[in-house]
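The values are calculated or read from the model by the stated rules, or taken from the named source; none is laboratory data. This structure is a prediction, so every number in the text was calculated from the model and none was measured. When we count neighbours, we look across all protein chains shown, and the Cβ atoms used for this are built from the backbone with ideal geometry, even at glycine.
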Amino acid sequence: MVGVLLLVIALAPALAILLIILAGRPSLSAWLNLIASIIAFVAAAVLPLLVQSQAHVYWAGYIIIDALGAWVVLCAAIVYLLASIYAVGYMPLLDEEERLPVFYALFAGFALTTLLGPMMNNAGLYWIAIELTTLVSTFLVAFERAAESIEAAWKYIIVVSGGISLALLGTVLFYWGGSLVIGPSYDMTWAALRDAAPHMNPTLLILGFLLVLIGYGTKAGLAPMHTWLPDAHSEGPTPVSALLSGALLNTAMIGIIRYLSVVDAAGAGPLPRITLVALGIVSLIVAALFIVRQEGIKRLMAYSSVEHMGVIALGVGFGGALGIAGALYHMINHSLNKSLMFFGAGSMMRSYQTKEIGGIHLVSRRFPVVGALWLAGAVAITGAPPFGLFASELTILRAGLETKAAWAAFVMAGLLIIIFIGFLNHFRIMYYETPEHDNGVEGSVSAWCTLPMWLALLPLLGLGLWWPEAVWGYFGTIAHALGDGALVAGSTP
Amino acid sequence: MLTAHLNPLAASLFSLIAIASLLLAFVMLGSRWLRHYLYAFAAESWLIGILSAAVGFYGNYPELYLIAILTVVFRGGLLPYLIFRIIRRLHVSREVHEILQPSSGLVIGALAVIFALGVSSRIGAELGMSGTVVVLALTVMLSMKLLGFLMLAARHEALSHILGLLVLENGIFLGAQILVPGMPLLIEIVILFDLLIVVACFGLLVQYLMTHVGTTSSLELRRLVG
């Protein structure tokens, strides 16, 4: 049953690509992509229910679906669905009618690679999946062919390929360390690495982990390796920004989590977790600085992604049942919320014909429904109750206070408050400040663009008000499968 | 473990190839002409192909012969040819405004190698393998990584960036042949094909850069800041 679902998740976008290329008709391609995303979402939504404590392995051990993988696949599938709905309304605004089949084929391909990444059981194949996400999404970022988009795409592929090559070096070092224990030739599955880790040389293990962390951290948008992120997220078409932010970053984060559990199994000391916490704090600082002084509307959202990846890194770094639960809960909340924010930003960009925050004003008067949804999203993404991100950020803070690195939790809380003020100040200007010369933008936003905003906001509200016991138990299973590693006070030398 | 009981001839052959590849990386670092980069890169790839075959022969890994052939064909032939075509189409033959003089680049590169040697001899000592070809392989792997990043940082022609990335990967490939010759064949082959796609993507993007931005120098790419 689980195997069939995985096949469905992989085949739906793959078939969509094939049919889109064969049909070559712009109107049809949007629908094919939408249908594929609905099928993938339904399959991914059932997946966490079926996969509980034991992992399922397929295809000669190359594919794994465990509780963690199913969760990340679900996050990616949600964003793929929302972005596909949004694309139906948004893409016709770009006046690129004849290139739409190319867009949708690439879009489905990008979704396919992000959905497959978390399922890879082999560290080498996981690396290849991550590399493929870059290659496909580069052309999506460059889709609009403006000088800015090409520049963003170029920076994206150079920075990320350079970073990812460090992850390859780390992967080779892990393999080497394992080969000294297991024997020269073995399948580099996560389980094999975890079993071999206690007998590996600790220095080699930590060097390998740091390289992997920097490598996949580049892809996950952790500062100071985040430099590609604001450019790529702001210059791609909006559905692509949502998929980059809500799906791709998680797919890269899962690699860090899996490697961390390998290092944990070896009992290699607190350095790996401290490094992760430090990267999280640096991400929050960088995000806070750039959010306060930001001028571009989508760049604002992009820096907010850096912030939230930092928060997830902190949750993972703190570890323990609370930290992992907070981080994973934050993942799904961020996926929903950031999609909502990008959709609002994309619609406003098109309506006001500007990428600048300064050019957008009186949103709630001109666009009452979209404006209200977007504002609610802005309140949610800054971590205010009653939305899901409040619950997850609070959980991560609690996890942090229990560890030896409690200072990090205090710094995190302070930076989140700065970001709250800075972020909402931009929204105050866009909503309530009367402009000097009113250009009188009137217009309406397509229902296709409003629907996904509702679909993102309502679950977000639900997740904030009610954290189901079953989900809590599910996160406990994941934390246990990862080895219950934590940065607990007293356990560190 | 291949490197533990290696006959002296094989060990010296591996060392020779590793050091020659490192030298070629320095040739790339010190040269201004894109074409010279390319020749050095192709020669380096050939050396890695020979290394694969030698490791396969001495370590008794027959599948490495296949890797050797694929390395020579792809990295030593096809990739340089693709990049050569891009160079011809762009009419860019050299770095015009260096951020870093080649001579200072060489000095920084030498420091990078010393750093890499420090790291690898520490790891070699911990594993009880000091003085073996392992330490050398690790040194070359790490230093080619650092040299590649140096090329990425100090050069701004789009083509130099592509070649810098390929040097990064060459370093890993070279080290992996000596350290983990038993790495599954599937992974190695997929990574080779992956590289081919990477270069194809880069080629396409360079063309976009030329037609839509009007330059292939990263110094001009400064629209997106903040």
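The residues on offer are B:Glu63, B:Glu44, and the sole one that is in contact with a Leu (Cβ under 7 Å, 6 or more places away or on another chain), charged (D, E, K, R) and more than 30 Å from B:His91 (Cβ to Cβ) is B:Glu63.
Each residue in the range B:174-194 was checked for being more than 9 Å from every other protein chain (Cβ to nearest Cβ) and crowded, with 24+ Cβ neighbours inside 10 Å, and 3 pass.
Being touching a helix residue (DSSP H, G or I) at 6+ places or on another chain (Cβ under 9 Å) and surrounded by 24 or more Cβ atoms within 10 Å (Cβ to Cβ) holds for only one residue in A:Val46, A:Val79, and it is A:Val79.
Say whether the condition of being outside any helix (DSSP H, G or I) and of a type in the set (A, V, I, L, M) is met by at least one residue in the range B:175-197. Yes. The single condition among (1) farther than 19 Å from A:Gly326 by Cα; (2) over 22 Å from the mean Cα position of the chain (by Cα) that A:Glu402 does not satisfy is (1). A:Tyr186 meets all of the listed conditions (1) in a helix (DSSP H, G or I); (2) free of Cβ contacts under 8 Å to residues at least 40 places away in the same chain; (3) more than 7 Å from chain B (Cβ to nearest Cβ); (4) surrounded by fewer than 22 Cβ atoms within 10 Å (Cβ to Cβ) but one, namely (1). For the range B:208-223, the set of residues classified as free of Cβ contacts under 8 Å to residues at least 24 places away in the same chain and either over 12 Å from B:His161 (Cβ atoms) or surrounded by fewer than 16 Cβ atoms within 10 Å (Cβ to Cβ) (or both) consists of B:Tyr208, B:Thr211, B:His212, B:Val213, B:Gly214, B:Thr215, B:Glu220, B:Arg222, B:Arg223, listed by residue number. Is it true that some residue in the range A:298-311 is among the aliphatic types (A, V, I, L, M), more than 21 Å from the chain's Cα centre (by Cα) and more than 14 Å from chain B (Cβ to nearest Cβ)? Within the range A:298-311 (the criterion being among the aliphatic types (A, V, I, L, M), more than 21 Å from the chain's Cα centre (by Cα) and more than 14 Å from chain B (Cβ to nearest Cβ)), the answer is no, since none of the residues qualifies.
Condition check ((1) surrounded by fewer than 24 Cβ atoms within 10 Å (Cβ to Cβ); (2) in contact with a Phe, Trp or Tyr (Cβ under 7 Å, 6 or more places away or on another chain); (3) at the interface with chain B (Cβ under 10 Å from one of its Cβ atoms)) across all residues:
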site	(1), (2), (3)
A:Ile65	no, no, no
A:Val73	no, no, no
A:Val88	yes, yes, no
A:Glu98	yes, no, no
A:Ala105	yes, no, no
A:Leu135	yes, no, yes
A:Ala146	yes, no, yes
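Restricting the first member to the range A:268-282 and to residues that are crowded, with 18+ Cβ neighbours inside 10 Å and modelled with pLDDT of 95 or more, and the second to residues that are part of a loop (DSSP other than H, G, I, E, B) and not hydrophobic (A, V, I, L, M, F, W, C), the beta-carbon pairs closer than 8 Å and six or more apart or on different chains are A:Val282/A:Pro224. The condition of being farther than 17 Å from A:Leu211 by Cβ and at pLDDT 90 or above holds for only one of B:Ala158, B:Ala116, B:Ala154, B:Ala125, that being B:Ala125. With respect to A:Gly109, determine if the residue is surrounded by fewer than 24 Cβ atoms within 10 Å (Cβ to Cβ), of a type outside the set (Val, Ile, Thr), on the phi < 0 side of the Ramachandran plot and more than 9 Å from chain B (Cβ to nearest Cβ). Taking the combined requirement at face value, the residue satisfies it.
How many residues are more than 12 Å from chain A (Cβ to nearest Cβ), touching a residue at least 40 places away in the same chain (Cβ under 8 Å) and in a helix (DSSP H, G or I) if we restrict to the range B:120-138? Here the count works out to 2. The helices (runs of 4 or more DSSP H) found wholly in the range A:381-469 and carrying at least 1 residues that are touching a Phe, Trp or Tyr at 6+ places or on another chain (Cβ under 7 Å) and either surrounded by 21 or more Cβ atoms within 10 Å (Cβ to Cβ) or touching a residue at least 12 places away in the same chain (Cβ under 8 Å) (or both) occupy A:388-401, A:447-465. Looking only at the range B:151-165, filter to residues that are facing chain A (nearest Cβ under 10 Å) and surrounded by 20 or more Cβ atoms within 10 Å (Cβ to Cβ); which one of those is nearest to B:Leu219 (Cα to Cα)? Once the filter is applied, the top-ranked residue is B:Ala158. Scanning the range B:147-183 for residues that are of a type in the set (Gly, Ala, Ser) and more than 22 Å from B:Phe57 (Cβ to Cβ) gives B:Gly148, B:Ala153, B:Ala154, B:Ala158, B:Ser160, B:Gly164, B:Gly171. Would you be able to say whether some residue in the range A:173-180 is among the hydrophobic types (A, V, I, L, M, F, W, C), crowded, with 24+ Cβ neighbours inside 10 Å, part of a helix (DSSP H, G or I) and more than 12 Å from chain B (Cβ to nearest Cβ)? Within the range A:173-180, none of the residues are among the hydrophobic types (A, V, I, L, M, F, W, C), crowded, with 24+ Cβ neighbours inside 10 Å, part of a helix (DSSP H, G or I) and more than 12 Å from chain B (Cβ to nearest Cβ).
Of the residues A:Gly221, A:Gly215, the single one that is on the phi > 0 side of the Ramachandran plot, small (Gly, Ala, Ser), touching a residue at least 12 places away in the same chain (Cβ under 8 Å) and more than 10 Å from chain B (Cβ to nearest Cβ) is A:Gly221.
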